[in-house]
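The numbers here are math on the coordinates, done by the rules we state, and not lab data. Everything quoted here is computed from the prediction, not taken from an experiment. Cβ: placed from backbone, ideal geometry, glycine included. Neighbour counts: every protein chain shown.
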Amino acid sequence: MVDEPTRKPIRASRALPRFLESLQVATTPQVFNPWTQHDPTTDLSRGAPGHRLDRLAAHLAIKARYLLIGEASGYQGCKVSGIPFTSERLILEGQIPRVRTTDARLTSRPRPWSEPSATTVWGTLHRLGIAEESILWNAFPWHPHRPQLLQSNRTPTMTERWNGLPVLQLLLRLHPKARIFAIGRNAEWSLQQIGHPGVHLRHPSMGGASQFSMQLDAAL
């Protein structure tokens, strides 16, 4: 277990920039960093990583009441949008608080990228009236993919899951009073390792959408 017994808040003046800096690290060949790397197969320009970082900063620029933590960035969501559990389509539709729709297209795909889990999560947050107070994150913040296939997902290895814990700790320190929800068992494991177990929610993928929505509703 990582040794951090309490969620001590960090100074607001440098908190968010420091957190964003922690994401801009080199990754392995089978991990894509949405906030530093350019994907020539789908990104419209080499400026896409910077735009994704700006979007993430806007998403994080609140004192959250709720933190919903998932497993890892997906290729249809955070990998192209820069925000966990968030698709390009949802940004275009104006569903994401604090994120502008005017520069939503960062990819060359004819149809905007759409992720089923993102649709479920944001739809539930809006239905429950907590979208403006919520921040979404992933225990392993970067995008793990299969070899030579950026448009794919895979489960993070145990080493990768450990590598994501320091970033997760920083996020919790940014929002020491937020209520934590673990979306899926891997997110639950990561939160347990740093001593902050969250309320477990079924992951909305693989037929879990209705259960996720009902569990979050019941927990609130």
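In this Cβ point-charge picture (+1 for Lys and Arg, -1 for Asp and Glu), segment 28-219 has a dipole of about 100 debye about its Cα centre. For the chain, a Kirkwood radius taken over Cα pairs fed into Stokes-Einstein (25 °C, viscosity 0.890 mPa s) yields D = 142 µm²/s. Counting every other Cβ atom within 10 Å of each residue's Cβ, ILE194, ILE183 order from fewest to most as ILE194, ILE183. As a proxy for reagent exposure, ranking LEU171, LEU16 by other Cβ atoms within 10 Å from fewest up yields LEU16, LEU171. Only DSSP H runs of four or more residues enter the estimate; each adds -39500 (n - 2.57), and after division by the residues of the chain the mean residue ellipticity at 222 nm equals -11500 deg cm²/dmol.
Think of each Lys and Arg Cβ as +1 and each Asp and Glu Cβ as -1; about the Cα centre, that makes the dipole of segment 89-145 roughly 240 debye.
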